[in-house]
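Encoded as structure tokens, the structure appears first; notes follow it.
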Amino acid sequence: MDLQQLCVDMTAIAKAVGEIILNARPNAGSTSIKKNTADIVTETDQAVEAHIRQRLLGQYPSFEFIGEESFKSGSEITDQPTFIVDPIDGTSNFVHGFPAVCVSIGLVVNKSPTVGVVYNPFTDELWTAIKGQGAFTSRNGGVRQRLPLTSSSLNLSSACIGIEWGSDREGPAFELNLHVFTTLARTERTGGRFVNSLRCTGSAAITICRVAAGQQDAFWECGSWAWDVAAAWCILVEAGGVMVDGHPTGNWHPPVDNRRYLAVRPASEGQEQFVREFWDVVRSGMKPPSDMKLVSDGVLA
């Protein structure tokens, strides 16, 4: 495969559908609920995915395709070259006019993120990566900059961490979220880690790209899907960051459809220590292994 050409083609498609997103005007009549009031889809999500699918498979008909809006339960990622697409990552932001919205197009080969393209049409900000060839960003069509933009030592106490509430707002997984967020925010005097800040922007792909750039220190979410992370994962790793299991399993190399993710930025030192300390925070909110069970959003709690 010509990965350079693939990246060029994926970027062109992302920018083309970016125009569709910019020109859309979502409203109550074009918005529906997937599972609950926090998990929505618009007509634009579906139209953009259909456009991406048609163009990608038109150019690469032997590849497989997994998209958020057309995904069927039970489908699995194989070793075949597979496009994994989130047509609009940040749909709630899109509906509310908040400009943290992107198109996320990833190519996975042998179940490994190989090419990643993430594009925010509202800010004209683009992130791209090819496995083994580095990661880059540009804005307003300007000069490409290699990622990370900044890199320094890493520690949990001074960290800016990206989080998301998820669409399920009850049950064991939600309780674990509450514990982790509270422990990170609390002062050490009250049993917390007192990190510098927590950020919830509504787009996993954009946040992971920010982590890759060194603009945030980490991102944690359990319950995400492969299309939320596949493209940005490639960008993160090519920048020098790491993606590990979001639960303290000791898994430093999780599968792309793991559903639990902890992304940590490039750093001159401290990545491993940061991961282990973060896992300790998660572990402190989990039940004993004998009491753990698989809950509805695909995570253990």
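The values are calculated or read from the model by the stated rules, or taken from the named source; none is laboratory data. Keep in mind it's a predicted model, so treat the numbers as computed, not measured. Because the Cβ atoms are built from the backbone with ideal geometry, glycine has one as well, and the counts that use them run over all protein chains shown. Just the protein is used for accessible areas: all its heavy atoms, side chains included, with ligands, DNA and RNA removed. Shrake-Rupley method; radii C 1.70, N 1.55, O 1.52, S 1.80 Å.
Before moving on, here are some points about what is shown:
- Once the stretch 157-206 is narrowed to residues that are of a type in the set (A, V, I, L, M, F, W, C) and farther than 26 Å from CYS102 by Cα, the residue that is farthest from the chain's Cα centre (by Cα) is PHE194.
- Only residues that are outside any strand (DSSP E or B) and crowded, with 21+ Cβ neighbours inside 10 Å were counted across the stretch 50-67, and they come to 2.
- Extreme residue, farthest from VAL85 (Cα to Cα), among residues of the stretch 130-149 that are open to solvent by less than 30 Å² (accessible area, probe 1.4 Å) and touching a Cys at 6+ places or on another chain (Cβ under 9 Å): LEU147
- Unmet criterion (only one of (1) open to solvent by 30 Å² or more (accessible area, probe 1.4 Å); (2) modelled with pLDDT of 95 or more; (3) on the phi < 0 side of the Ramachandran plot) for SER152: (2)
- Being open to solvent by less than 60 Å² (accessible area, probe 1.4 Å) and not in a strand (DSSP E or B) is a property that SER70 has.
- The set of residues in the stretch 207-252 that are free of Cβ contacts under 8 Å to residues at least 40 places away in the same chain, open to solvent by 20 Å² or more (accessible area, probe 1.4 Å) and either within 15 Å of PRO148 (Cβ to Cβ) or under 9 Å from the mean Cα position of the chain (by Cα) (or both) contains only VAL242.
- When restricted to residues that are open to solvent by less than 40 Å² (accessible area, probe 1.4 Å) and not in a helix (DSSP H, G or I), the stretch 171-191 contains 1.
- Taking (1) open to solvent by less than 10 Å² (accessible area, probe 1.4 Å); (2) in contact with a Gly (Cβ under 6 Å, 6 or more places away or on another chain) in turn, ASP86 satisfies each apart from (2).
- Extreme residue, nearest to SER224 (Cα to Cα), among residues of the stretch 192-206 that are open to solvent by 20 Å² or more (accessible area, probe 1.4 Å) and hydrophobic (A, V, I, L, M, F, W, C): CYS200
- Condition broken by TRP127, with the remaining ones in (1) aromatic (Phe, Trp, Tyr); (2) farther than 19 Å from GLY214 by Cβ; (3) crowded, with 20+ Cβ neighbours inside 10 Å satisfied: (2)
- Test result for SER30, surrounded by fewer than 18 Cβ atoms within 10 Å (Cβ to Cβ), at pLDDT below 95 and touching a helix residue (DSSP H, G or I) at 6+ places or on another chain (Cβ under 7 Å): yes
- VAL118 being under 16 Å from CYS7 (Cβ atoms), surrounded by 15 or more Cβ atoms within 10 Å (Cβ to Cβ), in contact with a Ser or Thr (Cβ under 8 Å, 6 or more places away or on another chain) and among the β-branched types (Val, Ile, Thr): yes
- The set of residues in the stretch 268-277 being surrounded by fewer than 22 Cβ atoms within 10 Å (Cβ to Cβ) and of a type outside the set (Ser, Thr, Tyr) consists of GLU269, GLY270, GLN271, GLU272, GLN273, VAL275, ARG276, GLU277.
- Summed over the stretch 103-115, residues that are small (Gly, Ala, Ser) and open to solvent by 10 Å² or more (accessible area, probe 1.4 Å) total 1.
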